[in-house]
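The next block holds one structure in the form of C-alpha coordinates; read it before the comments.
The values are calculated or read from the model by the stated rules, or taken from the named source; none is laboratory data. Just so you know, these numbers come straight off a predicted model, no measurement behind them. No Cβ is skipped: glycine too gets one built from the backbone with ideal geometry, and neighbour counts run over all protein chains shown.
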(Lines give C-alpha, C1' and ligand atoms only; values in the text may rest on other atoms or scores of the structure.)
Protein backbone atom coordinates (compact mmCIF):
# COMPACT_ATOMS: atom_id res chain seq x y z
CA UNK A 1 0.00 0.00 0.00
CA UNK A 2 2.75 2.44 0.95
CA UNK A 3 4.58 1.70 -2.26
CA UNK A 4 1.50 2.60 -4.31
CA UNK A 5 1.01 5.88 -2.41
CA UNK A 6 4.63 6.87 -2.92
CA UNK A 7 4.41 6.01 -6.61
CA UNK A 8 1.30 8.19 -6.97
CA UNK A 9 3.02 11.11 -5.27
CA UNK A 10 6.05 10.77 -7.55
CA UNK A 11 3.79 10.75 -10.60
CA UNK A 12 2.26 14.02 -9.42
CA UNK A 13 5.70 15.55 -9.08
CA UNK A 14 6.77 14.42 -12.54
CA UNK A 15 3.59 15.72 -14.15
CA UNK A 16 3.97 19.02 -12.34
CA UNK A 17 7.59 19.40 -13.37
CA UNK A 18 6.71 19.14 -17.06
CA UNK A 19 3.45 21.08 -16.89
CA UNK A 20 3.23 23.67 -19.67
CA UNK A 21 4.40 27.17 -18.91
CA UNK A 22 1.45 29.53 -18.41
CA UNK A 23 0.38 31.39 -21.51
CA UNK A 24 1.31 34.70 -19.87
CA UNK A 25 4.92 33.51 -19.72
CA UNK A 26 5.00 32.11 -23.25
CA UNK A 27 4.05 35.26 -25.11
CA UNK A 28 5.89 38.54 -25.32
CA UNK A 29 3.95 41.43 -23.86
CA UNK A 30 2.13 43.81 -26.19
CA UNK A 31 0.33 47.04 -25.45
CA UNK A 32 -3.02 45.30 -25.21
CA UNK A 33 -1.64 43.49 -22.15
CA UNK A 34 -0.97 46.78 -20.32
CA UNK A 35 -3.06 48.33 -17.54
CA UNK A 36 -2.68 52.12 -17.40
CA UNK A 37 -2.83 54.40 -14.37
CA UNK A 38 -3.51 58.04 -15.30
CA UNK A 39 -1.85 60.64 -13.07
CA UNK A 40 -2.30 64.41 -13.05
CA UNK A 41 1.15 65.24 -11.72
CA UNK A 42 0.27 68.35 -9.71
CA UNK A 43 -2.61 66.62 -7.94
CA UNK A 44 -1.06 63.27 -7.05
CA UNK A 45 1.61 63.49 -4.35
CA UNK A 46 3.86 66.26 -3.04
CA UNK A 47 7.24 64.62 -2.56
CA UNK A 48 9.43 67.73 -2.62
CA UNK A 49 8.21 70.90 -0.90
CA UNK A 50 11.27 72.81 -2.17
CA UNK A 51 9.54 73.28 -5.55
CA UNK A 52 6.24 74.54 -4.08
CA UNK A 53 6.25 77.94 -5.80
CA UNK A 54 2.96 79.83 -5.31
CA UNK A 55 1.19 76.66 -4.27
CA UNK A 56 -2.33 77.22 -2.97
CA UNK A 57 -4.26 74.07 -2.15
CA UNK A 58 -7.38 76.12 -1.40
CA UNK A 59 -7.56 77.33 -5.01
CA UNK A 60 -8.74 74.57 -7.39
CA UNK A 61 -7.12 76.42 -10.31
CA UNK A 62 -3.69 76.83 -8.69
CA UNK A 63 -0.76 74.48 -8.22
CA UNK A 64 -1.21 72.07 -5.32
CA UNK A 65 2.32 70.67 -5.06
CA UNK A 66 2.42 67.29 -6.80
CA UNK A 67 5.76 66.49 -8.44
CA UNK A 68 8.06 63.82 -9.88
CA UNK A 69 9.45 62.95 -6.46
CA UNK A 70 5.92 62.34 -5.21
CA UNK A 71 5.24 59.91 -8.05
CA UNK A 72 8.53 58.08 -7.44
CA UNK A 73 7.53 57.58 -3.82
CA UNK A 74 4.30 55.91 -4.96
CA UNK A 75 5.63 53.67 -7.73
CA UNK A 76 5.37 50.60 -5.53
CA UNK A 77 1.80 51.58 -4.61
CA UNK A 78 0.96 51.77 -8.33
CA UNK A 79 2.79 48.52 -9.07
CA UNK A 80 1.02 46.64 -6.27
CA UNK A 81 -2.35 47.57 -7.75
CA UNK A 82 -1.31 45.76 -10.91
CA UNK A 83 -0.64 48.72 -13.19
CA UNK A 84 1.98 48.23 -15.87
CA UNK A 85 2.03 51.72 -17.37
CA UNK A 86 1.56 55.28 -16.13
CA UNK A 87 0.13 58.08 -18.25
CA UNK A 88 1.34 61.47 -17.01
CA UNK A 89 -0.13 64.86 -17.85
CA UNK A 90 2.30 67.16 -19.76
CA UNK A 91 5.56 67.96 -17.99
CA UNK A 92 6.67 70.94 -20.12
CA UNK A 93 7.02 74.42 -18.67
CA UNK A 94 3.60 76.08 -18.40
CA UNK A 95 2.46 79.61 -17.78
CA UNK A 96 0.91 80.79 -14.51
CA UNK A 97 -1.78 78.43 -13.19
CA UNK A 98 -1.02 75.88 -15.87
CA UNK A 99 -0.92 73.18 -13.19
CA UNK A 100 -2.53 70.71 -15.61
CA UNK A 101 0.25 71.05 -18.19
CA UNK A 102 -1.82 72.03 -21.23
CA UNK A 103 -0.76 75.73 -21.42
CA UNK A 104 2.75 75.38 -22.81
CA UNK A 105 5.24 78.21 -22.30
CA UNK A 106 8.35 76.30 -23.39
CA UNK A 107 8.26 72.95 -25.22
CA UNK A 108 11.80 71.99 -24.21
CA UNK A 109 11.79 72.95 -20.53
CA UNK A 110 10.42 70.98 -17.57
CA UNK A 111 7.80 72.67 -15.41
CA UNK A 112 9.67 73.85 -12.30
CA UNK A 113 6.79 72.93 -10.00
CA UNK A 114 7.29 69.27 -10.95
CA UNK A 115 11.06 69.07 -10.61
CA UNK A 116 14.01 68.92 -13.00
CA UNK A 117 14.77 67.05 -16.19
CA UNK A 118 17.17 64.80 -14.30
CA UNK A 119 14.45 64.00 -11.77
CA UNK A 120 12.08 63.07 -14.56
CA UNK A 121 14.72 60.82 -16.12
CA UNK A 122 15.14 59.16 -12.74
CA UNK A 123 11.37 58.68 -12.51
CA UNK A 124 11.36 56.94 -15.89
CA UNK A 125 14.30 54.77 -14.84
CA UNK A 126 12.69 53.82 -11.52
CA UNK A 127 9.44 52.97 -13.32
CA UNK A 128 11.30 50.81 -15.84
CA UNK A 129 13.08 49.04 -12.99
CA UNK A 130 9.61 47.95 -11.87
CA UNK A 131 8.52 46.96 -15.41
CA UNK A 132 6.26 50.01 -15.59
CA UNK A 133 6.09 51.98 -18.84
CA UNK A 134 5.74 55.77 -18.98
CA UNK A 135 3.33 57.49 -21.38
CA UNK A 136 3.73 61.24 -21.60
CA UNK A 137 0.91 63.59 -22.55
CA UNK A 138 1.93 65.77 -25.51
CA UNK A 139 0.27 68.92 -26.88
CA UNK A 140 1.08 70.09 -30.41
CA UNK A 141 -2.19 71.83 -31.25
CA UNK A 142 -1.71 75.00 -29.25
CA UNK A 143 0.41 76.95 -26.78
CA UNK A 144 -0.44 78.82 -23.59
CA UNK A 145 -2.30 82.12 -23.78
CA UNK A 146 0.85 84.22 -23.26
CA UNK A 147 3.45 82.26 -25.20
CA UNK A 148 6.55 84.35 -26.14
CA UNK A 149 6.11 83.48 -29.84
CA UNK A 150 2.94 85.58 -29.91
CA UNK A 151 5.00 88.74 -29.57
CA UNK A 152 7.77 87.59 -31.91
CA UNK A 153 7.28 89.19 -35.37
CA UNK A 154 9.33 86.42 -36.97
CA UNK A 155 6.78 83.88 -35.77
CA UNK A 156 3.60 85.65 -36.70
CA UNK A 157 2.83 82.94 -39.26
CA UNK A 158 3.34 80.18 -36.69
CA UNK A 159 -0.26 80.67 -35.53
CA UNK A 160 -3.68 80.66 -37.14
CA UNK A 161 -5.77 83.77 -36.87
CA UNK A 162 -7.73 84.36 -33.70
CA UNK A 163 -11.14 82.84 -34.33
CA UNK A 164 -13.35 80.75 -32.05
CA UNK A 165 -14.69 77.31 -32.95
CA UNK A 166 -18.41 78.00 -33.28
CA UNK A 167 -19.34 75.16 -35.60
CA UNK A 168 -18.36 71.69 -34.43
CA UNK A 169 -19.20 70.25 -37.87
CA UNK A 170 -16.74 72.49 -39.72
CA UNK A 171 -13.54 70.40 -39.85
CA UNK A 172 -11.45 73.24 -41.22
CA UNK A 173 -12.55 75.46 -38.35
CA UNK A 174 -11.91 72.65 -35.85
CA UNK A 175 -8.32 72.46 -37.11
CA UNK A 176 -7.62 76.19 -37.43
CA UNK A 177 -9.80 77.80 -34.76
CA UNK A 178 -8.80 78.53 -31.17
CA UNK A 179 -9.89 75.84 -28.71
CA UNK A 180 -10.94 77.65 -25.49
CA UNK A 181 -9.18 80.72 -26.88
CA UNK A 182 -5.73 79.03 -26.88
CA UNK A 183 -3.35 80.20 -29.64
CA UNK A 184 -3.61 77.62 -32.43
CA UNK A 185 -0.37 76.45 -34.06
CA UNK A 186 -0.16 76.31 -37.87
CA UNK A 187 1.19 72.81 -38.51
CA UNK A 188 1.03 73.42 -42.28
CA UNK A 189 3.92 75.88 -41.84
CA UNK A 190 7.10 73.82 -42.54
CA UNK A 191 9.00 75.56 -39.74
CA UNK A 192 6.28 74.80 -37.19
CA UNK A 193 6.02 71.20 -38.35
CA UNK A 194 9.76 70.64 -38.14
CA UNK A 195 9.94 72.24 -34.70
CA UNK A 196 7.15 70.08 -33.28
CA UNK A 197 8.50 66.87 -34.80
CA UNK A 198 12.02 67.54 -33.54
CA UNK A 199 10.65 68.36 -30.11
CA UNK A 200 8.63 65.14 -29.93
CA UNK A 201 11.66 63.05 -30.93
CA UNK A 202 13.93 64.90 -28.49
CA UNK A 203 11.85 63.93 -25.45
CA UNK A 204 11.97 60.26 -26.47
CA UNK A 205 15.73 60.30 -27.03
CA UNK A 206 16.41 62.32 -23.90
CA UNK A 207 14.17 60.51 -21.39
CA UNK A 208 13.46 57.01 -22.81
CA UNK A 209 9.69 57.32 -22.40
CA UNK A 210 7.54 54.58 -23.93
CA UNK A 211 4.61 56.39 -25.50
CA UNK A 212 2.67 59.59 -26.06
CA UNK A 213 -0.92 60.31 -25.24
CA UNK A 214 -1.71 62.82 -27.97
CA UNK A 215 -3.92 65.70 -26.88
CA UNK A 216 -6.62 67.29 -29.07
CA UNK A 217 -5.93 65.07 -32.10
CA UNK A 218 -8.95 66.19 -34.11
CA UNK A 219 -7.80 69.82 -33.95
CA UNK A 220 -4.60 69.01 -35.90
CA UNK A 221 -4.56 68.08 -39.62
CA UNK A 222 -4.27 64.39 -40.40
CA UNK A 223 -1.27 64.84 -42.68
CA UNK A 224 0.68 66.18 -39.71
CA UNK A 225 -0.16 63.05 -37.69
CA UNK A 226 1.01 60.90 -40.58
CA UNK A 227 4.43 62.56 -40.46
CA UNK A 228 4.43 62.54 -36.68
CA UNK A 229 3.75 58.80 -36.43
CA UNK A 230 6.53 57.91 -38.87
CA UNK A 231 9.08 60.20 -37.24
CA UNK A 232 8.61 59.20 -33.60
CA UNK A 233 8.39 55.47 -34.33
CA UNK A 234 11.71 55.69 -36.14
CA UNK A 235 13.28 56.80 -32.85
CA UNK A 236 12.15 53.95 -30.58
CA UNK A 237 10.84 50.52 -31.49
CA UNK A 238 7.30 49.78 -30.24
CA UNK A 239 6.74 53.41 -29.21
CA UNK A 240 3.03 53.72 -28.43
CA UNK A 241 0.72 56.47 -29.62
CA UNK A 242 -2.72 56.80 -28.05
CA UNK A 243 -4.75 59.74 -29.26
CA UNK A 244 -7.58 61.79 -27.83
CA UNK A 245 -10.29 62.29 -30.43
CA UNK A 246 -13.11 63.64 -28.30
CA UNK A 247 -16.10 62.68 -30.41
CA UNK A 248 -19.17 60.50 -29.96
CA UNK A 249 -19.10 59.00 -33.47
CA UNK A 250 -16.83 55.91 -33.50
CA UNK A 251 -16.44 56.17 -37.28
CA UNK A 252 -15.07 59.71 -36.94
CA UNK A 253 -12.63 58.58 -34.25
CA UNK A 254 -11.48 55.49 -36.16
CA UNK A 255 -10.68 57.49 -39.28
CA UNK A 256 -7.63 58.89 -37.46
CA UNK A 257 -6.17 55.37 -37.21
CA UNK A 258 -5.18 55.76 -40.87
CA UNK A 259 -2.60 58.34 -39.79
CA UNK A 260 -0.50 55.76 -37.93
CA UNK A 261 -1.76 56.54 -34.43
CA UNK A 262 -1.96 53.14 -32.71
CA UNK A 263 -4.86 53.63 -30.34
CA UNK A 264 -7.40 56.09 -28.99
CA UNK A 265 -9.09 56.79 -25.69
CA UNK A 266 -12.49 55.34 -26.46
CA UNK A 267 -15.11 58.01 -25.81
CA UNK A 268 -17.98 55.94 -27.25
CA UNK A 269 -17.07 53.25 -24.68
CA UNK A 270 -16.92 55.87 -21.92
CA UNK A 271 -20.32 57.32 -22.81
CA UNK A 272 -22.11 53.98 -22.60
CA UNK A 273 -20.16 52.53 -19.66
CA UNK A 274 -20.72 55.52 -17.39
CA UNK A 275 -24.41 55.70 -18.29
CA UNK A 276 -24.97 51.99 -17.68
CA UNK A 277 -22.90 51.36 -14.57
CA UNK A 278 -23.59 54.56 -12.62
CA UNK A 279 -27.02 53.18 -11.69
CA UNK A 280 -28.42 49.63 -11.37
CA UNK A 281 -30.86 47.73 -13.58
CA UNK A 282 -29.45 49.15 -16.80
CA UNK A 283 -29.09 46.74 -19.71
CA UNK A 284 -25.42 46.01 -20.33
CA UNK A 285 -24.86 43.50 -23.08
CA UNK A 286 -26.62 44.90 -26.11
CA UNK A 287 -25.13 48.36 -25.68
CA UNK A 288 -21.55 47.42 -24.75
CA UNK A 289 -21.64 44.58 -27.27
CA UNK A 290 -22.59 47.14 -29.90
CA UNK A 291 -19.47 49.15 -29.06
CA UNK A 292 -17.30 46.06 -29.51
CA UNK A 293 -18.96 45.01 -32.78
CA UNK A 294 -18.39 48.46 -34.28
CA UNK A 295 -14.78 48.57 -33.06
CA UNK A 296 -14.09 45.12 -34.49
CA UNK A 297 -15.08 46.43 -37.92
CA UNK A 298 -13.45 49.85 -37.65
CA UNK A 299 -10.03 48.95 -36.22
CA UNK A 300 -7.32 46.53 -37.20
CA UNK A 301 -6.74 45.75 -33.51
CA UNK A 302 -9.59 47.07 -31.36
CA UNK A 303 -8.09 45.37 -28.29
CA UNK A 304 -5.58 48.22 -27.90
CA UNK A 305 -8.20 50.95 -27.59
CA UNK A 306 -8.08 52.75 -24.23
CA UNK A 307 -11.20 52.07 -22.14
CA UNK A 308 -11.98 54.42 -19.26
CA UNK A 309 -14.76 55.42 -16.88
CA UNK A 310 -13.05 58.46 -15.35
CA UNK A 311 -10.80 61.21 -16.65
CA UNK A 312 -9.72 64.80 -16.00
CA UNK A 313 -12.21 66.41 -18.38
CA UNK A 314 -15.48 64.96 -17.09
CA UNK A 315 -17.33 64.53 -13.82
CA UNK A 316 -15.94 61.74 -11.68
CA UNK A 317 -17.80 58.44 -11.94
CA UNK A 318 -18.42 58.71 -8.21
CA UNK A 319 -20.31 61.98 -8.75
CA UNK A 320 -22.43 60.42 -11.48
CA UNK A 321 -23.45 57.64 -9.07
CA UNK A 322 -24.13 60.07 -6.22
CA UNK A 323 -26.34 62.18 -8.48
CA UNK A 324 -28.44 59.05 -9.03
CA UNK A 325 -28.60 58.31 -5.27
CA UNK A 326 -26.38 55.25 -5.63
CA UNK A 327 -23.53 53.85 -3.57
CA UNK A 328 -20.48 54.77 -5.68
CA UNK A 329 -18.38 51.86 -4.42
CA UNK A 330 -20.90 49.24 -5.54
CA UNK A 331 -21.31 51.00 -8.86
CA UNK A 332 -17.55 51.30 -9.36
CA UNK A 333 -17.02 47.58 -8.73
CA UNK A 334 -19.41 46.75 -11.57
CA UNK A 335 -17.83 49.27 -13.91
CA UNK A 336 -14.26 48.30 -13.07
CA UNK A 337 -14.97 44.61 -13.55
CA UNK A 338 -16.26 45.30 -17.03
CA UNK A 339 -13.34 47.67 -17.72
CA UNK A 340 -10.81 44.95 -16.85
CA UNK A 341 -12.49 42.07 -18.66
CA UNK A 342 -13.86 43.66 -21.85
CA UNK A 343 -11.65 44.03 -24.93
CA UNK A 344 -9.36 47.05 -24.67
CA UNK A 345 -6.71 48.56 -22.39
CA UNK A 346 -8.05 49.55 -18.96
CA UNK A 347 -7.20 53.15 -18.02
CA UNK A 348 -7.83 54.10 -14.38
CA UNK A 349 -7.71 57.77 -13.35
CA UNK A 350 -5.91 58.46 -10.08
CA UNK A 351 -8.35 58.59 -7.17
CA UNK A 352 -10.82 56.14 -8.67
CA UNK A 353 -9.31 53.55 -6.33
CA UNK A 354 -10.64 55.54 -3.34
CA UNK A 355 -13.94 56.49 -5.04
CA UNK A 356 -12.80 60.11 -5.22
CA UNK A 357 -15.64 62.56 -5.80
CA UNK A 358 -15.53 65.49 -8.18
CA UNK A 359 -17.74 67.55 -10.45
CA UNK A 360 -16.78 69.43 -13.58
CA UNK A 361 -13.19 70.57 -14.21
CA UNK A 362 -11.32 71.53 -12.01
CA UNK A 363 -13.30 69.84 -9.21
CA UNK A 364 -12.52 66.45 -10.79
CA UNK A 365 -8.80 67.15 -10.21
CA UNK A 366 -8.65 67.18 -6.42
CA UNK A 367 -5.46 66.32 -4.55
CA UNK A 368 -5.06 62.59 -4.05
CA UNK A 369 -5.70 61.24 -0.54
CA UNK A 370 -3.87 57.96 0.06
CA UNK A 371 -5.88 55.66 2.30
CA UNK A 372 -6.86 52.08 2.87
CA UNK A 373 -9.92 51.49 0.74
CA UNK A 374 -11.72 48.37 -0.39
CA UNK A 375 -11.44 49.49 -4.01
CA UNK A 376 -7.63 49.46 -3.78
CA UNK A 377 -7.84 45.75 -2.97
CA UNK A 378 -10.52 45.19 -5.59
CA UNK A 379 -8.49 46.85 -8.35
CA UNK A 380 -5.41 44.92 -7.24
CA UNK A 381 -7.33 41.66 -7.57
CA UNK A 382 -8.66 42.60 -11.01
CA UNK A 383 -5.15 43.50 -12.12
CA UNK A 384 -3.79 40.19 -10.90
CA UNK A 385 -6.52 38.26 -12.72
CA UNK A 386 -6.04 40.16 -15.99
CA UNK A 387 -2.30 39.56 -15.95
CA UNK A 388 -2.65 35.88 -15.02
CA UNK A 389 -5.22 35.07 -17.71
CA UNK A 390 -4.19 36.50 -21.11
CA UNK A 391 -7.56 35.58 -22.65
CA UNK A 392 -8.91 38.70 -20.91
CA UNK A 393 -6.57 40.94 -22.88
CA UNK A 394 -6.00 38.94 -26.07
CA UNK A 395 -9.00 36.66 -26.42
CA UNK A 396 -12.08 36.74 -28.60
CA UNK A 397 -15.22 38.26 -27.13
CA UNK A 398 -18.61 36.51 -27.20
CA UNK A 399 -21.81 37.73 -25.56
CA UNK A 400 -23.57 34.67 -24.13
CA UNK A 401 -26.45 36.14 -22.14
CA UNK A 402 -28.06 39.55 -21.80
CA UNK A 403 -31.16 40.27 -19.78
CA UNK A 404 -32.31 43.27 -17.78
CA UNK A 405 -29.19 44.31 -15.90
CA UNK A 406 -27.51 40.89 -16.09
CA UNK A 407 -24.85 39.95 -18.61
CA UNK A 408 -22.54 36.98 -19.18
CA UNK A 409 -19.78 36.98 -21.77
CA UNK A 410 -16.84 34.78 -22.70
CA UNK A 411 -13.23 35.68 -23.55
CA UNK A 412 -11.29 32.91 -25.28
CA UNK A 413 -7.91 32.35 -26.86
CA UNK A 414 -6.12 29.17 -27.95
CA UNK A 415 -5.07 28.30 -24.40
CA UNK A 416 -8.01 29.22 -22.20
CA UNK A 417 -11.57 30.48 -21.89
CA UNK A 418 -12.89 32.87 -19.26
CA UNK A 419 -16.48 33.60 -18.28
CA UNK A 420 -17.53 36.96 -16.84
CA UNK A 421 -20.89 37.37 -15.11
CA UNK A 422 -22.02 40.85 -14.02
CA UNK A 423 -25.22 41.33 -12.07
CA UNK A 424 -25.97 45.02 -12.39
CA UNK A 425 -29.35 44.68 -10.64
CA UNK A 426 -30.53 45.14 -7.06
CA UNK A 427 -31.73 41.52 -6.84
CA UNK A 428 -29.96 38.17 -6.73
CA UNK A 429 -29.93 36.48 -10.12
CA UNK A 430 -29.84 32.86 -11.27
CA UNK A 431 -29.07 32.09 -14.91
CA UNK A 432 -28.39 28.87 -16.78
CA UNK A 433 -25.65 28.64 -19.35
CA UNK A 434 -26.66 25.89 -21.74
CA UNK A 435 -24.26 23.31 -23.14
CA UNK A 436 -24.22 25.06 -26.49
CA UNK A 437 -22.78 28.12 -24.72
CA UNK A 438 -20.21 26.16 -22.72
CA UNK A 439 -19.12 22.68 -23.68
CA UNK A 440 -20.37 19.83 -21.56
CA UNK A 441 -18.04 18.12 -19.08
CA UNK A 442 -16.36 21.36 -18.13
CA UNK A 443 -16.33 23.27 -14.87
CA UNK A 444 -16.33 26.96 -13.97
CA UNK A 445 -13.74 27.79 -11.33
CA UNK A 446 -14.15 31.23 -9.80
CA UNK A 447 -11.11 33.52 -9.82
CA UNK A 448 -13.17 36.52 -8.72
CA UNK A 449 -15.82 35.27 -6.34
CA UNK A 450 -15.91 31.79 -4.85
CA UNK A 451 -16.65 28.21 -5.73
CA UNK A 452 -16.66 25.77 -8.61
CA UNK A 453 -19.69 25.25 -10.83
CA UNK A 454 -20.08 21.89 -12.52
CA UNK A 455 -22.40 21.27 -15.41
CA UNK A 456 -25.29 18.86 -15.78
CA UNK A 457 -27.53 17.77 -18.62
CA UNK A 458 -29.14 21.22 -18.72
CA UNK A 459 -25.94 23.24 -18.51
CA UNK A 460 -24.33 25.41 -15.84
CA UNK A 461 -26.30 27.30 -13.21
CA UNK A 462 -24.72 30.60 -12.12
CA UNK A 463 -26.07 32.36 -9.05
CA UNK A 464 -24.93 35.94 -8.42
CA UNK A 465 -25.74 38.31 -5.60
CA UNK A 466 -27.16 41.73 -6.33
CA UNK A 467 -24.70 44.31 -7.67
CA UNK A 468 -21.86 41.83 -7.92
CA UNK A 469 -19.55 40.35 -10.51
CA UNK A 470 -17.76 37.04 -10.90
CA UNK A 471 -15.00 35.83 -13.19
CA UNK A 472 -14.53 32.14 -13.96
CA UNK A 473 -11.94 30.14 -15.79
CA UNK A 474 -13.52 27.36 -17.86
CA UNK A 475 -11.55 24.16 -17.48
CA UNK A 476 -11.80 20.37 -17.53
CA UNK A 477 -10.56 17.95 -14.92
CA UNK A 478 -7.19 17.56 -16.60
CA UNK A 479 -6.60 21.33 -16.42
CA UNK A 480 -7.57 21.28 -12.76
CA UNK A 481 -5.03 18.51 -12.11
CA UNK A 482 -2.35 20.52 -13.88
CA UNK A 483 -3.19 23.48 -11.68
CA UNK A 484 -2.82 21.34 -8.58
CA UNK A 485 0.52 19.95 -9.67
CA UNK A 486 1.77 23.43 -10.55
CA UNK A 487 1.00 24.39 -6.96
CA UNK A 488 2.87 21.34 -5.74
CA UNK A 489 6.00 22.30 -7.63
CA UNK A 490 5.76 26.07 -7.55
CA UNK A 491 4.68 27.00 -4.03
CA UNK A 492 6.62 24.77 -1.73
CA UNK A 493 4.30 21.79 -2.05
CA UNK A 494 7.30 19.77 -3.27
CA UNK A 495 8.93 20.09 0.13
CA UNK A 496 5.71 19.03 1.84
CA UNK A 497 5.30 15.98 -0.39
CA UNK A 498 8.91 14.90 0.09
CA UNK A 499 8.40 15.25 3.83
CA UNK A 500 5.41 12.94 3.66
CA UNK A 501 7.41 10.41 1.66
CA UNK A 502 10.21 10.54 4.25
CA UNK A 503 7.79 9.93 7.12
CA UNK A 504 6.16 7.03 5.30
CA UNK A 505 9.49 5.37 4.61
CA UNK A 506 10.64 5.95 8.16
CA UNK A 507 7.42 4.50 9.52
CA UNK A 508 7.78 1.47 7.32
CA UNK A 509 11.35 0.86 8.56
CA UNK A 510 10.37 0.91 12.26
CA UNK A 511 7.24 -1.15 11.78
CA UNK A 512 7.49 -4.29 14.01
Residue check: is residue 247 touching a residue at least 12 places away in the same chain (Cβ under 8 Å) and in contact with a strand residue (DSSP E or B) (Cβ under 8 Å, 6 or more places away or on another chain)? no
Select, from 260, 285, 358, the only residue that is free of Cβ contacts under 8 Å to residues at least 40 places away in the same chain and either surrounded by fewer than 23 Cβ atoms within 10 Å (Cβ to Cβ) or farther than 30 Å from residue 174 by Cβ (or both). 260
Check 113, 128, 100 and return the single one that is touching a residue at least 60 places away in the same chain (Cβ under 8 Å) and under 15 Å from residue 350 (Cβ atoms). 100
What is the number of the single condition among (1) on the phi < 0 side of the Ramachandran plot; (2) touching a strand residue (DSSP E or B) at 6+ places or on another chain (Cβ under 6 Å); (3) in contact (Cβ under 8 Å) with a residue 60 or more places away in the chain that residue 353 does not meet? (2)
Among helices (runs of 4 or more DSSP H) entirely within the stretch 23-125, at least 2 residues that are crowded, with 20+ Cβ neighbours inside 10 Å occur in 68-73
On the basis of being assigned to a helix (DSSP H, G or I) and either in contact with a helix residue (DSSP H, G or I) (Cβ under 6 Å, 6 or more places away or on another chain) or surrounded by fewer than 19 Cβ atoms within 10 Å (Cβ to Cβ) (or both), does residue 235 make the cut? no
How many residues are under 23 Å from residue 201 (Cβ atoms) and either under 32 Å from the mean Cα position of the chain (by Cα) or not in a loop (DSSP other than H, G, I, E, B) (or both) if we restrict to the stretch 137-166? 13
Restricting to the stretch 456-493, count the residues that are at pLDDT 55 or above and in a loop (DSSP other than H, G, I, E, B). 8
Here are some residues: 405, 449. Which one is buried (at least 19 other Cβ atoms within 10 Å of the Cβ) and at pLDDT below 95? 405
Go through the stretch 348-374 and count every residue that is in a helix (DSSP H, G or I) and more than 22 Å from residue 266 (Cβ to Cβ). 3
Give the stretch 417-433 a look and list any residue that's under 21 Å from residue 395 (Cα atoms) and over 25 Å from the mean Cα position of the chain (by Cα), or say none. 433
Cβ-Cβ under 9 Å, sequence separation 6+ or interchain: first residue in the stretch 450-470 and on the phi > 0 side of the Ramachandran plot and without any contact (Cβ under 8 Å) to a residue 60 or more places away in the chain, partner surrounded by fewer than 19 Cβ atoms within 10 Å (Cβ to Cβ) and assigned to a loop (DSSP other than H, G, I, E, B). Which pairs? 459/434; 459/435; 459/436; 459/437; 459/440
From the set of residues in the stretch 143-159 that are in contact (Cβ under 8 Å) with a residue 12 or more places away in the chain and within 11 Å of residue 192 (Cα to Cα), which is surrounded by the fewest Cβ atoms within 10 Å (Cβ to Cβ)? 157
Residues of the stretch 301-340 that turn out to be in a helix (DSSP H, G or I) and over 11 Å from the mean Cα position of the chain (by Cα), as a count: 19
Before we move on, is residue 410 closer than 20 Å to residue 343 by Cβ, in a helix (DSSP H, G or I) and modelled with pLDDT of 95 or more? no
Considering only the stretch 204-232, how many residues are touching a helix residue (DSSP H, G or I) at 6+ places or on another chain (Cβ under 9 Å), more than 23 Å from residue 302 (Cβ to Cβ) and not in a loop (DSSP other than H, G, I, E, B)? 8
